[in-house]
Amino acid sequence: MKPLDLHGKTALVTGGNRGIGAATVTALAAAGATVTYTARSARSLAEGPTGEGITGLVADATNRAATVALLSKGFDIVVNNAGIITPIGHIDSVSIDDWEQNIQINLISAFHVTQQAIIHRPATGVSVIHLSSGAARNAMEGWSAYCAGKAGLAMLTRSVHLEFADKGVRVFGFAPGVVDTGMQGSIRASKMNPVSQIPRENLAPADQPAHAIAWLATPEAAPYAGQEVDVRNPEFRAACGLPVLA
């Protein structure tokens, strides 16, 4: 993976204490950015990444007052990573409260973070990267809430680009592929659809999508602004310096 230069940039990663979020925090810091990440509890924060230029905070992405206070600092890079897969189940069996919580976390909180990132953006602009998914385009059995939320997030990406592309805002939807994370453990346990049948040894490591996310925050990524990009796309992988897939 090619080296990246984000020295002098400030970054925020929501849900950055584990999985792709934690790997992204590490990748951004390795590229020279000063990184703040959030976790939902002190216990979760204790599991998160540490190191030079990295600060972890307890903050729930659905807490609107906390979001306003945090984003008012103004960040050069904002990664909307916080998300959940549950509830997993057929529509006639899932709780409306659980379904609503999924949309609240995966879509509404991402909107609010994005809104505040734009309002408080530095004079040089802001890059916003949404963690998207193939589920934004392809319905999956048992994932009605997750699919709906990610589809909404994809349209949010396009809307922000339409409204702010000429005002110093670059926004991307990024699908990381099937990665070895705790969320994938929940998916395997559900045995609900083909994704749950993928053996863990066939899952991708988190460092590759994390590198791609960090690359999206560089000027080189400008041609992809306003789009849904997939880490498995050969052209995109070549552009951001990831190895060719076998």
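Below is a table of values for the structure above.
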item: Net dipole in debye of the stretch 1-144 [+1 Lys, Arg Cβ; -1 Asp, Glu Cβ; about Cα centre; nearest 20]; result: 460 debye
item: Per-selection metrics, the stretch 59-164 (Cα): Rg and Dmax in Å; result: 14.5, 49
item: Gln197/Thr124 FRET efficiency (R0 41 Å; Cβ-Cβ; nearest 0.05); result: 0.35
item: Computed over the stretch 1-92, Kirkwood Rh from alpha-carbon pairs, angstrom; result: 13.7 Å
item: Which of Arg188, Arg158 is most accessible, then next, and so on - probe 1.4 Å; result: Arg158, Arg188
item: Separation of alpha-carbon centers, the stretch 106-121 and the stretch 27-41, rounded to whole Å; result: 18 Å
item: Computed E for Ser159/Thr218 - FRET, C-beta separation, R0 22 angstrom, nearest 0.05; result: 0.40
item: Surrounding net charge for Val128, when Lys and Arg each add one and Asp and Glu each subtract one, Cβ distance under 14 Å; result: +2
item: Dipole moment magnitude, nearest 20 debye, the chain about Cα centre, only Lys, Arg, Asp, Glu C-beta charged; result: 180 debye
item: Of the DSSP H helices in the chain, those whose Cα atoms cover at least 18 Å axially and whose Kyte score averages -1.0 or more; result: 144-164
item: Filter on Lys2/Lys167; Lys9/Lys73; Lys9/Lys167 - keep pairs with C-alpha separation over 23 Å; result: Lys2/Lys167
item: Accessible area (Å², 1.4 Å probe, nearest 10) - Arg64; result: 140 Å²
item: Estimated vicinal HN-Hα couplings, Hz - the stretch 232-246 in sequence order (Karplus 6.51, -1.76, 1.60; Gly, Pro = x); result: 8, 6, x, 5, 5, 4, 5, 5, 9, x, 8, x, 5, 6, 5
item: Formal net charge of residues neighbouring His7 (Cβ-Cβ distance under 13 Å; K, R +1; D, E -1); result: -2
item: The chain, helix-only ellipticity at 222 nm - DSSP H runs n ≥ 4, -39,500 (n - 2.57), divided by all residues, nearest 500; result: -11000 deg cm²/dmol
item: Paramagnetic label zone (point 7 Å from Cα along Cα-to-C-beta, Val58; backbone N under 20 Å) in the stretch 82-100; result: 82-83
item: Rounded to whole Å, sorted largest first: equivalent-ellipsoid semi-axes of the stretch 151-246, Cα gyration tensor; result: 28, 17, 10
item: Charge-dipole axis of the stretch 62-215 as Lys and Arg at +1 and Asp and Glu at -1 on Cβ define it, positive-most pick from Leu70, Ser127, Ile85; result: Ser127
item: Where only alpha carbons of the chain are counted, the Rg and the Dmax (Å); result: 16.8, 50
item: Order of exposure, largest accessible area first, which applies to Glu220, Glu201 with probe 1.4 Å; result: Glu201, Glu220
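The values are calculated or read from the model by the stated rules, or taken from the named source; none is laboratory data. All figures in this text were calculated on a predicted structure; none of them were measured in a lab. Positions of Cβ are generated from backbone atoms using ideal geometry, with glycine treated the same way; all protein chains shown enter the neighbour counts. Accessible surface is based on the protein model in full, side chains and every heavy atom, while ligands, DNA and RNA are left aside. Shrake-Rupley method; radii C 1.70, N 1.55, O 1.52, S 1.80 Å.
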